[in-house]
Amino acid sequence: MKNTVFTVAMAAAMAGCGGGEQSTAPATPEPGPPSVAAPAKAEPEPNRQPVGNINPQPKPTAKPIQPIQHEPIMKPTKVTAAKIVKTEAEWRATLTPEEYRILRQKGTERAFTGKYDHHFKDGTYTCKACGAALFLSETKYNSGCGWPAFFKSIDGTIDETRDTSLGMVRIEITCKKCNGHLGHIFDDGPKPAGLRYCVNSASMDFIPAGKKPGAAK
Ligand SMILES: [Zn+2]
């Protein structure tokens with residue numbers, strides 16, 4: 001008996017709840033002004049502009065607009081397409097805690113502790129998270145900053161994003177393929193480009209020359 005009472009009460013309550021969503025009425029304003037022209041009553045501009053014209057309104061009447069907009073102006077750098085997408089749990093399962101902290105949480109390894117800081121063998125540096133080739137050994141140099149440094153990345157492999165964390169303005173670099181955090185770019189690199197890609201060792205793997213990137217692990 002009680003049950004039925006409850007169900008009835010519930011049903012009533014729910015009906016009450018749902019009722020609010022019915023008002024999806026077409027509240028569209030009528031196009032065109034109403035036909036009430038108000039002939040006599042139309043006082044033209046009583047005290048309309050006491051404070052001067054704050055609203056300059058350039059009158060967009062006859063602007064000879066050039067027909068630009070044919071092509072996409074520039075690809076936004078943060079397009080998420082053709083990426084490797086994994087859940088955080090999956091990343092945790094494939095990365096060490098330190099790698100996860102750096103690659104997925106934008107951490108930084110302590111200076112002079114990374115295994116590739118003073119590593120100058122021939123080969124390719126790849127993304128530790130997804131295996132994408134990122135840097136060639138011939139672009140690596142010893143910057144003395146405490147992290148692996150490159151003056152150039154392999155074209156099209158890295159995204160650059162303005163990073164204003166820690167009270168500085170820096171350019172963060174991430175793997176284009178998996179969004180993994182790599183490090184930052186600074187403009188104190190060697191000539192001619194003058195760039196220093198400052199990369200965490202933990203964000204990278206190294207494939208010695210002669211082996212194909214992604215083949216070894
Ligand atoms: Zn990656």
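Give just the number: which of (1) of a type in the set (Gly, Ala, Ser); (2) within 11 Å of the ligand (Cβ to nearest atom); (3) in contact with a Ser or Thr (Cβ under 7 Å, 6 or more places away or on another chain) does residue 149 not satisfy?
(2)
Conditions first: (1) over 14 Å from residue 205 (Cα atoms); (2) within 16 Å of the ligand (Cβ to nearest atom); (3) aliphatic (A, V, I, L, M). Residue 185 passes all but one, so which condition is the exception?
For residue 185, the exception is condition (2).
Would you check if there is a residue in region 115-126 being within 16 Å of the ligand (Cβ to nearest atom), over 16 Å from residue 183 (Cβ atoms) and either touching a residue at least 12 places away in the same chain (Cβ under 8 Å) or in contact with a Ser or Thr (Cβ under 6 Å, 6 or more places away or on another chain) (or both)?
yes
Any read-out appearing in this document is the output of simple, stated calculations on the displayed coordinates, not a laboratory observation. These figures come from a predicted structure and were not determined experimentally. Neighbour counts run over all protein chains shown; Cβ positions are idealised from the backbone, glycine included.
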